[in-house]
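The values are calculated or read from the model by the stated rules, or taken from the named source; none is laboratory data. The model shown is predicted, which means the values in this text are computed figures rather than measured ones. We place every Cβ from the backbone using ideal geometry, glycine too, and count neighbours over all the protein chains shown. SASA here: full protein model, heavy atoms, side chains in, ligands and nucleic acids out. Shrake-Rupley method; radii C 1.70, N 1.55, O 1.52, S 1.80 Å.
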Amino acid sequence: MRGDADGKWHPSTPAWDGLLGNAVVTRDQEASTDMILVSGGELQQPIEITDPDLLSNLNPWTGSFVDWEQPAQMGHCSWEYDVQYFKRGIEHPSPYDRGDLRMIYGVRYCMGDDQKPGYVQLAGPTERFGPENVRTVWDGTQAGKWHLSTLAWKAFVERAVASQRRAAR
């Protein structure tokens, strides 16, 4: 059909470069967060995270939250938390939005017992947060699976719970 051109690389047009470049920038912008909301488990009230350093550190794709190098697995755990990621300026509303902050994706964290870090699940398309994850970050290879979390994340949640308990006294 393409003769000698079949299977060979050719330069793209500026219009094609612009189209793909804009798509990548939009996706990257939507995936960065302005706020993280952690709720459930032993927390007396949800905690809102807006500090840029913490937002970066608690990013499930690049931070110290999920150990993606380990195969998907699930073991015994205790308290379960919802972790929702929000962004301003996104057009797609969700039932979880908070004012001008739109929820872009959510995960579940199940705290590990004893010295175990626990597990994180990126929801599948039919689970809670699934429709939001499908639009922004859903990946058929990870959706619906539980992955080993990290001790850094567990320590963060334990500090937040302890801080709320101290404040309640």
Residue 78 paired with residue 159, simple spin-label distance in nm, labels 7 Å along Cα-to-beta-carbon: 1.9 nm
Contour minus Cα-Cα distance for residue 42 and residue 98 (0.36 nm per residue): 18.0 nm
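Once the mean 1/r over all distinct Cα pairs of the range 37-160 is inverted, what Kirkwood radius in angstroms do you read off?
About 14.7 Å, per the Kirkwood formula over Cα pairs.
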Ordering of 97-104, 41-48 by burial proxy (mean other Cβ atoms within 10 Å per residue, highest first): 97-104, 41-48
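Could you order 12, 39 so the one with the most accessible surface comes first? Probe is 1.4 Å.
Values: 12 60, 39 25 Å².
Accessible-area ranking of 12, 39, largest first: 12, 39.
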Relative packing of 73-79, 120-126, which averages over residues the other C-beta atoms within 10 Å, highest first: 120-126, 73-79
